[in-house]
Amino acid sequence: MKTISTIVDDVSVSPEIEETFIKIKKALNAPFTPNFFRVWGISPESLKGIWPVMNHILTSGRVGRQLKEMIFVAISSLKGCHYCEAAHHAFCLSIGVTPEQIDSLINNYTADTADPKDKAAIDFAVRLAKDSHSSSEQDFLALRELGFDDEEIMEIIAMSGMGVFYNHLANATKINIDEGFVKKISKK
């Protein structure tokens with residue numbers, strides 16, 4: 001039985017979508033357009049909503065990309081999204097996350113980091129991915145005490161929700177893992 005990912009594999013795209021693919025590669029600092037976006041390119045209206053959210057939450061803001069990528073790996077593993085786990089595993093390797101930290105994110109949904117505030121952020125984001133009702137005033141106080149301000153805490157919450165959303169989209173379409181991600185991961 002064919003998956004959505006194989007049904008729409010190598011579909012021709014409009015010049016506008018190809019331009020979006022170029023922007024995606026640049027923003028993610030990727031050597032290719034990930035299959036995730038190629039599959040969603042079949043639906044230009046969906047891609048117009050999907051890409052800007054990821055671009056804004058993942059690649060901008062006050063919380064660093066490395067921490068956001070680590071959150072994405074942990075949530076993807078938790079949610080069983082093999083595509084997102086592989087993609088963001090590869091991105092983590094590209095930006096300095098150690099293989100040991102990545103293994104911990106995949107196996108334990110957390111990681112020991114040089115900065116305990118990063119671990120607290122990962123743990124908070126993963127807990128929210130499990131149960132979005134679990135946030136509390138105590139979480140804000142604990143994260144503030146570690147040095148996060150309210151804006152950064154909201155970014156962590158947004159990152160958690162985004163991870164769940166994109167995992168849903170990738171799992172529902174059964175995206176094929178890009179060969180480039182597989183090669184990057186196998187080199188570690």
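If you check E100 against the conditions, is it open to solvent by 20 Å² or more (accessible area, probe 1.4 Å), under 22 Å from N29 (Cβ atoms) and either in contact with a strand residue (DSSP E or B) (Cβ under 7 Å, 6 or more places away or on another chain) or charged (D, E, K, R) (or both)? Before you say what the answer is, go through the steps one by one.
Values: open to solvent by 20 Å² or more (accessible area, probe 1.4 Å): yes; under 22 Å from N29 (Cβ atoms): no; either in contact with a strand residue (DSSP E or B) (Cβ under 7 Å, 6 or more places away or on another chain) or charged (D, E, K, R) (or both): yes.
No, not satisfied.
Which members of region 117-144 meet the condition of being of a type in the set (G, A, S) and either open to solvent by 50 Å² or more (accessible area, probe 1.4 Å) or over 24 Å from N107 (Cβ atoms) (or both)? The answer is S132, S135, S136, A142.
Scan region 132-152 and tell me whether some residue there is assigned to a helix (DSSP H, G or I), closer than 19 Å to S77 by Cα, touching a residue at least 12 places away in the same chain (Cβ under 8 Å) and not aliphatic (A, V, I, L, M). Yes; the residues of region 132-152 include at least one that is assigned to a helix (DSSP H, G or I), closer than 19 Å to S77 by Cα, touching a residue at least 12 places away in the same chain (Cβ under 8 Å) and not aliphatic (A, V, I, L, M). A search for C-beta distances below 8 Å between a residue of region 93-109 that is small (G, A, S) and any residue that is in a loop (DSSP other than H, G, I, E, B), counting only pairs 6+ apart in sequence or on different chains, returns S94/N29; S104/T110; S104/A111; S104/D112. The set of residues from region 1-24 being modelled with pLDDT of 90 or more and touching a helix residue (DSSP H, G or I) at 6+ places or on another chain (Cβ under 9 Å) comprises E16, I17, T20, F21, K23, I24. Considering the conditions (1) more than 14 Å from the chain's Cα centre (by Cα); (2) in contact (Cβ under 8 Å) with a residue 12 or more places away in the chain, N171 is excluded by exactly one of them, (1).
Residues that are open to solvent by 20 Å² or more (accessible area, probe 1.4 Å) and touching a residue at least 60 places away in the same chain (Cβ under 8 Å) within region 36-51 comprise just one, W40.
Condition check for R62 on (1) surrounded by fewer than 18 Cβ atoms within 10 Å (Cβ to Cβ); (2) under 11 Å from the mean Cα position of the chain (by Cα): one failure, at (2). State yes or no: is K25 closer than 20 Å to L146 by Cβ, without any contact (Cβ under 8 Å) to a residue 12 or more places away in the chain, surrounded by 14 or more Cβ atoms within 10 Å (Cβ to Cβ) and not small (G, A, S)? Spelling it out, it is not the case that K25 is closer than 20 Å to L146 by Cβ, without any contact (Cβ under 8 Å) to a residue 12 or more places away in the chain, surrounded by 14 or more Cβ atoms within 10 Å (Cβ to Cβ) and not small (G, A, S).
The values are calculated or read from the model by the stated rules, or taken from the named source; none is laboratory data. These numbers come from a predicted model, not from an experiment. Positions of Cβ are generated from backbone atoms using ideal geometry, with glycine treated the same way; all protein chains shown enter the neighbour counts. Ligands, DNA and RNA are excluded from the accessible area calculation, which covers all protein heavy atoms including side chains. Shrake-Rupley method; radii C 1.70, N 1.55, O 1.52, S 1.80 Å.
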